[in-house]
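Since the structure comes first, as structure tokens, the remarks are kept for the end.
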Amino acid sequence: MTRPDSPIHLPRRRLIAAGAGLGLAAFAGRAGAADAPAAAASLVLGDQANSTRARLEAAGALDGAPFRYTWANFQGAAPLFEAVRAGAVDTAPAGDTPVLAAAAQNSRVRIVATTVGPAKSVAIVVQGNSPIRSVADLKGRSVVVSSARGSIAQYLLIGALREAGVDPASVDVRFVMPTEALPAFRAGQIDAWATFDPYLAVAEDAGGRVLRDGEGISTGRGFLTASEKALADPAKRAAIRELIARMNRAWDWSQTNRAAYERVYAEQTRLSPAIVSKVLARSYNALRAVNDGDVLAVQKVADVFAELNLLPRRVDVRGLVEPEFFARGAA
């Protein structure tokens, strides 16, 4: 079990100069054999709650990588994409809606691969003894959403309210970063919280009750994105292609070495074995190329956000996809 004041452990490491408040933690990785042109690249690999790093390190998938790398860890997608926009991070894994929010805010990112996972990894959770028994009971109440406007949790909340016949405008939404919301939830200071794993799993373990999960509302899509600046650099572009292949090898390894993977994940996050098992049971699958079905599913999400004026501008999802990137470089 994690401590209430520090739900996700982020080991102390040197900061990358990317502006105050971004929470960037970096780790040096050694380049492997001099495979041109990737050998000339040095990537800053963005991550959320150390989830990508845990899998890659558990599998040893970056051992001998033909590029240099550092890790930059964040508690959510919003600060991660702030770092991308600041030019401090090259790659960023995230759910569909944070990518839309980043694109709407001119973060200049491109989608290079996609993945699909169970939509149960995002949910609206309430206190175990809460009088709130249904989504309809949220009318007139305050709901905390993590981590920021345009998050996967906000999209779930909107969809759940509409499903229950509740006008989203009748709910007081407050955006709070998950590491701040979790201790408040555990202290009983939050009635309802729309959030995502691993914070969701920690809240459930603390006695929280799921009011509505993402099944039937959320797309379950996740993306690996890269900054336009990184993709314009031939060496970094080659390194990102190699990274995708290594990420998929790590995923394959994690499916056949589950116990070892869970142990490393627990070490990285300081989460209990029970929480880790729950998180990994509903995590994303291997990366693959973006297809028309992905584009159409996520465009519906973008259109809902545009309809409600939740983002600065409407996003054309197809226009975010880097054409044939995955097929050419990471098959």
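Numbers for the structure displayed
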item: Options 186, 162, 174, 258; residue that is of a type in the set (Lys, Arg) and either touching a residue at least 40 places away in the same chain (Cβ under 8 Å) or under 23 Å from residue 318 (Cα atoms) (or both); result: 186
item: Total residues in segment 219-243, condition in a loop (DSSP other than H, G, I, E, B) and crowded, with 24+ Cβ neighbours inside 10 Å; result: 0
item: Members of segment 177-196 found to be surrounded by fewer than 24 Cβ atoms within 10 Å (Cβ to Cβ) and farther than 16 Å from residue 128 by Cβ, listed by number; result: 177, 179, 180, 183
item: When residues of segment 77-93 are limited to those that are in contact with a strand residue (DSSP E or B) (Cβ under 6 Å, 6 or more places away or on another chain) and not in a helix (DSSP H, G or I), the one farthest from residue 248 (Cα to Cα); result: 89
item: The lone exception for residue 120 - which of (1) surrounded by fewer than 19 Cβ atoms within 10 Å (Cβ to Cβ); (2) under 15 Å from the mean Cα position of the chain (by Cα); (3) more than 14 Å from residue 218 (Cα to Cα); (4) not acidic (Asp, Glu) it fails; result: (3)
item: Single condition residue 61 does not satisfy, out of (1) closer than 22 Å to residue 254 by Cα; (2) free of Cβ contacts under 8 Å to residues at least 24 places away in the same chain; result: (2)
item: Residue list for segment 94-115, restricted to those being part of a strand (DSSP E or B) and of a type in the set (A, V, I, L, M, F, W, C); result: 94, 109, 111, 112, 113
item: Filter pass, residue 216 being more than 18 Å from residue 156 (Cβ to Cβ), assigned to a loop (DSSP other than H, G, I, E, B) and out of contact with any Pro (no Cβ under 8 Å at 6 or more places or on another chain); result: no
item: Matching entry among 245, 232 (being farther than 24 Å from residue 101 by Cα and out of contact with any Asp or Glu (no Cβ under 8 Å at 6 or more places or on another chain)); result: 245
item: All positions within segment 128-149 that are part of a loop (DSSP other than H, G, I, E, B), surrounded by 17 or more Cβ atoms within 10 Å (Cβ to Cβ) and at pLDDT 95 or above; result: 132
item: Cβ-Cβ under 7 Å pairs, at least 6 apart or on other chains, segment 281-300 side in the same structural domain as residue 257 (by TED's automatic domain parsing), far side assigned to a loop (DSSP other than H, G, I, E, B) and among the small types (Gly, Ala, Ser); result: 282/117; 283/117; 284/117; 285/117
item: Members of segment 150-176 found to be assigned to a loop (DSSP other than H, G, I, E, B) and surrounded by fewer than 16 Cβ atoms within 10 Å (Cβ to Cβ), listed by number; result: 164, 165, 167
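The values are calculated or read from the model by the stated rules, or taken from the named source; none is laboratory data. Just so it is clear, the model here is predicted, and its values are computed rather than measured. Positions of Cβ are backbone-derived with ideal geometry, glycine not excepted, and every protein chain shown enters the neighbour counts.
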